[in-house]
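Values quoted throughout were computed directly from the atomic coordinates according to the rules given, and no laboratory measurement underlies them. Keep in mind that this is a model prediction, so the values were computed, not measured. When we count neighbours, we look across all protein chains shown, and the Cβ atoms used for this are built from the backbone with ideal geometry, even at glycine.
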Amino acid sequence: MGGATVLYQDRESQADGAQAEGDALWLTLSELTATTGWELKPEGVCKEETCVPVPAARRAAMIRTQPSGTQLNLTEFARLIDQPVAHDQATSVWYFGPAGWEWRTRLSTRVAPDFALPDLSGRVHSLSDLRGKKILLLFWASW
Amino acid sequence: MVTVACDANGRAAVEPFITAAHQQHPSLLDETLQVAELYDVRNVPSVFWIDETGRMVRAHDPIYAQRRNRETGEVTVNRDYLDAVRDWIAKGDHSTFLMDAKRLDSRLPALDADDVEAAAFFHLGTYLAKRGHPAEALVHFKRAHALRPQNWTYKRQAWNLGDIERDYGTTFQEALKDPASGPFYPSLDLVEPAGDGG
């Protein structure tokens, strides 16, 4: 089946060249970078300062060469970095959560995780903008 | 003070409340509930106190400082809680209302693989519900609920996007009694509960 909607936490993209095969989602290298920010390099799968080496034993399950070019299996990479995946076959929507190195230590340091969100006017506020002040952070909803 | 509306219906659902409150502080919109996940918000309200260095000193207080009854318009002020906040503002680290490390850790348990998998199903369900795929959304919401029945955010948001009786075969009152769900809110102990050993 061709094409997929990739939700990389709150980053939403359309990957028209994606091939979904059961639990595997194969992406072309350009769509890999466009949808996730990850890039396949000789040293591994890299984003900014982080490079994840591809273990030899998992290489075949993660990287393949098709006549159209090289592809990476994003769900196999998710397994490697302990990232939760949920997908809906009927609509071909794939959700990828945070990597294990982020969620495993998230709240254990007791440091308030930083975030940036818009207000009603669209202005974005970061928690870190308020560093140096006491903050009462209140979550609410209409439901 | 910062408020975060973790609400998949976004502006349309929350703007009337924000406007009516005439708030002077940042009132932010978390339409994908990613920030709610970041703080492991399992129900609302949930209040955190964060000190000047960015450390949490209270976590998951299930309380509004004041609230207005929707029918009568009557405003109830949680005086004890407001006093606790004022004490913290005045005394900082010396306030008696701060949670110690042990208590904070018990309110901020480490996540496991099922927690993040449940979150993934919930976020996928939310996306599908908002894009007009309610039947598909329901499947993923139910997976999230089965994995983490204690998370009321997953349930209340899903019920709000669908219909609790038609889609989930229950009512709010019945769901409250489900033993798998545990308490609707965590405890609100302004000071260390007696006999806690801390």
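Each Cα pair under 8 Å and six or more residues apart adds its separation to the average, and for the stretch B:3-107 the resulting relative contact order is 18 percent.
Highest-first packing order for the peptide set A:119-126, B:58-65 is B:58-65, A:119-126, based on the mean count of other beta carbon atoms within 10 Å. Working note: 222 nm ellipticity from helices only, DSSP H runs with n ≥ 4, each -39,500 (n - 2.57), summed and divided by the residues of chain A, gives -4500 deg cm²/dmol to the nearest 500.
Placing a pseudo-label 7 Å from each Cα along the Cα-to-Cβ vector at residue B:110 and residue A:68 gives an inter-label distance of 4.2 nm.
What FRET efficiency comes out for residue A:46 versus residue B:72 if R0 is 51 angstrom and r is the Cβ-Cβ distance? Round to the nearest 0.05.
In this case the efficiency is close to 0.30.
With a 10 Å cut-off around each Cβ of B:23-32, the average count of Cβ atoms from other chains is 6. Compared with the dominant principal axis of the Cα atoms in chain B, helix B:79-91 is inclined by about 60°. Pairs of Cα atoms nearer than 8 Å and 6+ residues apart set the relative contact order; for chain B it is 18 percent. Against the main long axis of the alpha-carbon atoms of chain B, helix B:113-130 sits at an angle near 60°.
Among A:2-14, B:81-93, A:83-95, the peptide with the highest mean count of other Cβ atoms within 10 Å heads the list, and the full ranking is A:83-95, A:2-14, B:81-93.
Principal-axis analysis of the Cα atoms of chain B puts helix B:152-161 at an angle of about 40° to the longest axis.
Projecting the Cα positions of B:84, B:175, B:49 onto the charge dipole of the protein assembly as shown (unit charges on Cβ atoms of Lys, Arg, Asp and Glu, taken about the Cα centre) puts B:84 furthest along the positive direction. Descending by average beta-carbon neighbour count within 10 Å, the peptides B:21-32, B:66-77 line up as B:21-32, B:66-77, the highest first.
Annotation: cysteines of the protein assembly as shown without a disulfide-compatible partner (Cβ-Cβ under 4.7 angstrom) are B:6. Per-residue mean of foreign Cβ neighbours for B:49-57 is 6 (Cβ atoms of other chains, 10 Å radius). Averaging Cα coordinates gives a centre for the stretch B:59-102 and one for the stretch B:133-148; these two points are 34 Å apart.
May I ask you to derive the relative contact order of chain A, considering only C-alpha pairs under 8 Å and at least 6 residues apart, and to give it as an integer percent?
Relative contact order, chain A: 18 percent.
Residues of the stretch B:65-94 with the amide nitrogen closer than 16 Å to a label point 7 Å from the Cα of residue B:190, along Cα-to-Cβ, please. Of the residues in the stretch B:65-94, B:65-67, B:76-92 have backbone N under 16 Å from the label point off residue B:190.
For the pair residue A:82 and residue A:39, label points projected 7 Å from Cα toward Cβ lie 2.7 nm apart. Over chain A, the alpha carbon radius of gyration divided by the compact-protein estimate 2.2 N^0.38 Å works out to 1.24.
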